[in-house]
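Participant: Here you go, one structure.
The values are calculated or read from the model by the stated rules, or taken from the named source; none is laboratory data. No experiment lies behind these values; they were computed from the predicted model shown. Cβ sites come from the backbone with ideal geometry, for glycine too, and all protein chains shown count toward neighbours. Just so you know, the surface numbers come from the protein's heavy atoms only, side chains and all, with ligands and any DNA or RNA stripped out. Shrake-Rupley method; radii C 1.70, N 1.55, O 1.52, S 1.80 Å.
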Amino acid sequence: MSDSLLLTIAVLGGTGKEGKGLAYRWARAGYRVFIGSRAVEKALLAANEVREMLGDGVILEGKSNLEAARDANIVVLTVPYSAHRETLESIKAELKGKILVDVTVPLVPPKVATVQMPAAGSAAQEAKQIVGEGVEVCAAFQNISHEHLLDNTDVECDVLVTGTSKDARNETIKLVEAAGLKGWDAGPLENSVVIEGMTSVLIGINKKYGSTHAGIKITGIH
Ligand SMILES: NC(=O)c1ccc[n+]([C@@H]2O[C@H](COP(=O)([O-])OP(=O)(O)OC[C@H]3O[C@@H](n4cnc5c(N)ncnc54)[C@H](OP(=O)(O)O)[C@@H]3O)[C@@H](O)[C@H]2O)c1
């Protein structure tokens with residue numbers, strides 16, 4: 001088993017659309033995965049659901065968000081932007097020395113096809129302000145529709161990874177690849193503003209052209 005497979009991943013809000021899909025993909029790849037929720041019962045149900053899809057042999061547990069964050073090496077946040085600050089405040093004591101991968105897009109309903117970034121610059125930069133020193137923060141998966149994740153088909157959309165250090169970005173790219181996706185190092189966390197904002201552009205394209213999962217792909221690299 002490689003070092004990376006010894007990692008345990010907590011997916012906070014993993015009962016939802018995006019988080020459950022990511023949990024499915026990482027459990028399928030052999031990682032130990034904790035699905036986190038505000039309600040343990042809900043986390044257990046989601047973990048059972050994913051386990052039934054994948055069969056015996058996967059290591060997947062349901063926990064409270066706090067326990068999931070405490071017991072994992074890497075913590076992935078997949079909650080609506082309206083719950084972003086509150087969720088981070090409630091678990092930040094468990095994040096020291098870990099990597100936080102923020103998947104949150106700062107959508108402001110009802111105009112979700114209009115880019116509306118927070119004062120910090122992006123949701124991921126806001127996350128860094130909340131969790132403080134001693135936590136590496138990366139942003140990833142914002143442009144991957146959940147519709148791609150809960151099955152085994154190839155995904156045409158790439159994942160741009162930004163983050164507070166090169167090492168953290170490299171670790172996150174390993175998770176992207178484990179999920180069966182192509183990841184690119186897109187530079188410092190400040191660049192997450194473009195990638196989070198791109199999601200609103202993709203939502204607008206979906207509406208205009210009758211799709212549900214428009215995506216992006218990096219070209220020109222050999
Ligand atoms: N859906 C996509 O295709 C997609 C694609 C890219 C990025 N994203 C981003 O990923 C994040 C999650 O999206 P999603 O579609 O998976 O969302 P979702 O299904 O609506 O919610 C995810 C989970 O967040 C928790 N949650 C919901 N409301 C909350 C609240 N008020 N306070 C605390 N927790 C709350 C819930 O978990 P519990 O009730 O179990 O606590 C829920 O299952 C969002 O920021 C979204 O923009 C989504």
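Participant: Which condition breaks for Tyr81 when tested against (1) under 27 Å from Asp154 (Cβ atoms); (2) within 13 Å of the chain's Cα centre (by Cα); (3) not aliphatic (A, V, I, L, M)?
Facilitator: Just one mismatch for Tyr81, condition (1).
Participant: For the stretch 145-176, which positions are among the small types (Gly, Ala, Ser) and touching a strand residue (DSSP E or B) at 6+ places or on another chain (Cβ under 6 Å)?
Facilitator: Here is the first cut: in the stretch 145-176, the ones among the small types (Gly, Ala, Ser) are 145, 163, 165, 168.
Within the stretch 145-176, Gly163, Ser165, Ala168 qualify.
Participant: Then there is this: State yes or no: is Pro110 open to solvent by less than 20 Å² (accessible area, probe 1.4 Å) and either at pLDDT 95 or above or in contact with a Ser or Thr (Cβ under 9 Å, 6 or more places away or on another chain) (or both)? Spell out how you get there, then give the answer.
Facilitator: On the way: open to solvent by less than 20 Å² (accessible area, probe 1.4 Å): no; either at pLDDT 95 or above or in contact with a Ser or Thr (Cβ under 9 Å, 6 or more places away or on another chain) (or both): yes.
No: the conditions fail for Pro110.
Participant: Among the residues of the stretch 21-54, write down those that are open to solvent by 30 Å² or more (accessible area, probe 1.4 Å) and within 11 Å of the ligand (Cβ to nearest atom).
Facilitator: Arg38, Ala39, Val40, Glu41, Lys42, Leu44, Leu45
Participant: Tally the residues that are crowded, with 22+ Cβ neighbours inside 10 Å and either of a type in the set (A, V, I, L, M) or part of a loop (DSSP other than H, G, I, E, B) (or both), restricting the search to the stretch 116-128.
Facilitator: Qualifying residue count, the stretch 116-128: 4.
Participant: In addition: Among (1) of a type in the set (D, E, K, R); (2) within 14 Å of the ligand (Cβ to nearest atom); (3) in contact (Cβ under 8 Å) with a residue 24 or more places away in the chain; (4) open to solvent by 50 Å² or more (accessible area, probe 1.4 Å), there is one condition Asp102 misses while meeting the rest; what is its number?
Facilitator: The number of the failed condition is (4).
Participant: While we're on this one: For residues in the stretch 55-82 being open to solvent by less than 30 Å² (accessible area, probe 1.4 Å) and part of a helix (DSSP H, G or I), which is farthest from Val33 (Cα to Cα)?
Facilitator: Asn65
Participant: Given (1) outside any helix (DSSP H, G or I); (2) farther than 18 Å from Leu149 by Cα; (3) modelled with pLDDT of 95 or more, identify the lone condition not met by Leu45.
Facilitator: (1)
Participant: Quick check on my filter: what residues within the stretch 134-166 are charged (D, E, K, R) and away from the ligand (no atom under 11 Å from the Cβ)?
Facilitator: We begin by selecting, within the stretch 134-166, every residue charged (D, E, K, R); these are 136, 147, 151, 154, 156, 158, 166.
Result: Glu136, Asp151, Asp154, Glu156, Asp158, Lys166.
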